[in-house]
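All remarks here apply to the structure that follows.
The values are calculated or read from the model by the stated rules, or taken from the named source; none is laboratory data. This is a predicted model, so every value here is computed, not measured. Cβ sites come from the backbone with ideal geometry, for glycine too, and all protein chains shown count toward neighbours. Protein only, heavy atoms only, side chains kept; ligands, DNA and RNA dropped before computing areas. Shrake-Rupley method; radii C 1.70, N 1.55, O 1.52, S 1.80 Å.
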Amino acid sequence: MSGILNSSIGRKFAMALSALFLMVFILQHFAINILSVLSPDTFNKASHFMGTFWAVQYILQAVLILGVIFHFVMGFVLEIKNKSARNVSYAKNNGNANSSWMSRNMIWSGGFILVFLVIHFIDFWIPEINTKFVAGDMSGLIDPTNLESGFRYHEELVHKFEPIWRVALYCVGFTFLALHLLHGFGSAFQSVGANNKYTIALKGVSKVYSIGIPAGFIFIALFHHFTGTH
Ligand code: HEM
């Protein structure tokens, strides 16, 4: 692995692989969270399955967190090397003088997504880890002593989106996610060599994904804020 990361091509390839992995995660994460709008009962069941199934909790979640850390650290490493190299910047590796704002500012959109993720981990992930692995409550119930009390996930999520400041912060985070994906999606496929006759179609998918998924997250946050208990 370290050999690959010694070359600029190797670093871009590894960065693209981590980006593709995170894009699959975001799609799965959106699919589960949109259930909180469409069917709270199914959302509760899906959240409990993902939150207690051993392969997700002990393998996929560890790989995911390592993937997130790798993507951010490598993003900063490539930006610093770009600045020092001056001529071959990661953000402008397409060699096109009139590169887009999104491609010139991947470090900024990435930086804001990192701020969002820190807030998001404090809001959702750390309380989840605390309940399950510190307090040892894997029941997922509102009242662990009462089986009739029902699952807690949907109620907790709706409660999180009551304060408008959190909704506003999340929507700003999702907007930067869109700006990051609008360049990152295509660039990741290009860096792994997926530059072929499907590129035109890929460009279409890239736009739908890069705007559609963040817009969907914005819809989820606004929906729960304005409808409250659903
Ligand atoms: C309305 C939008 C969102 C909602 C309601 C939401 C909800 C949640 C919840 C409930 C968890 C805890 C899951 C668990 O550990 O059992 C979580 C974790 C996480 N979220 Fe989100 N999320 C949203 C958007 C995002 C976005 C846009 C990203 C990435 C840019 C993201 C990245 C993560 C990551 C990396 C974790 C920790 C890993 C995991 O446990 O799944 N989330 N989110």
Task: Filter on LYS12/LYS160; LYS12/LYS203; LYS12/LYS207 - keep pairs with C-alpha separation over 29 Å - done: LYS12/LYS160
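Report in % the part of the accessible area of the chain that belongs to carbon and sulfur, leaving out ligands and nucleic acids; probe 1.4 Å.
Answer for the chain is 72 percent, counting heavy atoms of protein chains only.
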Open item on the list: Calculate the FRET efficiency for TYR58 and ALA201 from the Cβ-Cβ distance with a Förster distance of 35 Å, rounded to the nearest 0.05.
Closed with: 0.40
Task: With all protein chains modelled, accessible area of HIS159 [1.4 Å, Å²] - done: 110
Open item on the list: Only Cα pairs within less than 10 Å get springs; with that Gaussian network setup on the chain, which residue of ASN82, ASN44, ASN33 has the largest fluctuation?
Closed with: ASN82
Task: Nearby aspartates and glutamates by direct alpha-carbon distance to LYS45 (threshold 20 angstrom, same-chain neighbours under 8 apart not counted) - done: GLU128, ASP137, ASP143, GLU148, GLU155, GLU156
Open item on the list: What distance in nm separates the two pseudo spin-label positions at LEU27 and SER8, each 7 Å out from Cα along the beta-carbon direction?
Closed with: 3.1
TODO: Could you provide, to the nearest whole Å², the per residue accessible area of the chain with probe 1.4 Å?
DONE: 55
- [ ] Could I have the simple spin-label model distance between LEU222 and THR42, label points 7 Å from Cα toward Cβ, reported in nm to one decimal?
- [x] 2.3
Open item on the list: Which of ASN105, ASN146, ASN130 ends up with the largest GNM mean-square fluctuation for the chain, with Cα atoms connected below 10 Å?
Closed with: ASN146
TODO: Can you tell me the alpha carbon radius of gyration of segment 98-230 divided by the globular rule-of-thumb value 2.2 N^0.38 Å?
DONE: 1.34
Task: Value at 222 nm in deg cm²/dmol, rounded to 500, when DSSP H runs of n ≥ 4 in the chain each add -39,500 (n - 2.57) - done: -23000 deg cm²/dmol
TODO: Among TYR58, TYR153, TYR170, determine the one that fluctuates most according to a GNM of the chain built with springs between C-alpha atoms less than 10 Å apart.
DONE: TYR58
